[in-house]
């Protein structure tokens, strides 16, 4: 302030000096009775509440993404193992006259690492046993010989086998759709139902693949009996569902032939037994049923022995 009681430069008399460097801002007035505006949340509190809501919304999505990543990694591992096992199966078939018994045995040998739960002898024996069960289970694995076709085999065979010696000197005449040289290339296709073992996401993937029919199987409730699945390939349905369907088909066929000899109550009891069929092998701790989807692999190997189909 100026000497003589004058007012400081830039300050109007009667106004609070809030912005003065040596002054403090006045404290907020005490809220009046009935005025609740001072109770409203601040900006930081609003942001904290918004973050909680976003977390609640995104948390289930993140859980599904993480579990889905784990499950698809396991499917990729099974697909890589199946590719190798299919080659082993084709090689075994090329050495053993293209017999399906030996092809499936070679497939089980290649699938053993996927089921071994240890590097010791017990773990390897467990893996080999489970692989044999899976390879020879007609509800889990399907092996098709794509080449030679039955027409090519019948046209090129000599006696009960198709020769594979001196192929470079044999005529290339096409018989049954292909020459004997091409018919001596063994090509197989393996369709395997890989188990979905990650909780929660296994039902999601199963439902996405099999569509409406899978949702009905999971929930047990349907409102439209005429609706069918978006994917009509039910090869990898739950083993209990497959057994149930086979039992129902067998009962219907028997009633059609015998004129309804099986009562309705007995048929319902039999089908319920099929639904409650135990599917877990206790010693191996392996579930034959569960949620599964199909994966495929193909391999071709030149025949090293005469084909006998």
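The values are calculated or read from the model by the stated rules, or taken from the named source; none is laboratory data. Bear in mind the structure is a predicted one, so any value in this text is a computation, not a measurement. So basically every Cβ, Gly included, is an ideal-geometry build from the backbone, and we count neighbours across all protein chains shown.
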Problem - Residue within segment 176-197 that is farther than 25 Å from residue 95 by Cα, touching a helix residue (DSSP H, G or I) at 6+ places or on another chain (Cβ under 8 Å), at pLDDT 90 or above and in a loop (DSSP other than H, G, I, E, B) present - result: yes
Exercise for the section: Scan segment 101-120 and give yes if some residue there is surrounded by fewer than 16 Cβ atoms within 10 Å (Cβ to Cβ), touching a helix residue (DSSP H, G or I) at 6+ places or on another chain (Cβ under 7 Å) and not in a helix (DSSP H, G or I), otherwise no. Expected result: yes
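In this structure, is residue 127 more than 30 Å from residue 307 (Cβ to Cβ), at pLDDT 75 or above, part of a helix (DSSP H, G or I) and in contact with a helix residue (DSSP H, G or I) (Cβ under 6 Å, 6 or more places away or on another chain)? Let's see the steps before the verdict.
Numbers: more than 30 Å from residue 307 (Cβ to Cβ): yes; at pLDDT 75 or above: yes; part of a helix (DSSP H, G or I): yes; in contact with a helix residue (DSSP H, G or I) (Cβ under 6 Å, 6 or more places away or on another chain): yes.
So residue 127 fits the description; yes.
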Practice task
Kindly indicate whether residue 89 is closer than 20 Å to residue 283 by Cα and either at pLDDT 95 or above or buried (at least 16 other Cβ atoms within 10 Å of the Cβ) (or both).
Solution key: no
Handout entry: Yes/no for residue 66 being assigned to a helix (DSSP H, G or I), at pLDDT 90 or above and farther than 23 Å from residue 279 by Cβ
Key = yes
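Using the structure shown, decide if residue 143 is over 21 Å from residue 91 (Cβ atoms), in contact with a helix residue (DSSP H, G or I) (Cβ under 7 Å, 6 or more places away or on another chain) and buried (at least 18 other Cβ atoms within 10 Å of the Cβ).
Values: over 21 Å from residue 91 (Cβ atoms): no; in contact with a helix residue (DSSP H, G or I) (Cβ under 7 Å, 6 or more places away or on another chain): yes; buried (at least 18 other Cβ atoms within 10 Å of the Cβ): yes.
So residue 143 fails the test.
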Handout entry: Checklist (1) outside any loop (DSSP other than H, G, I, E, B); (2) more than 28 Å from residue 87 (Cα to Cα) applied to residue 173, failing item
Key = (1)
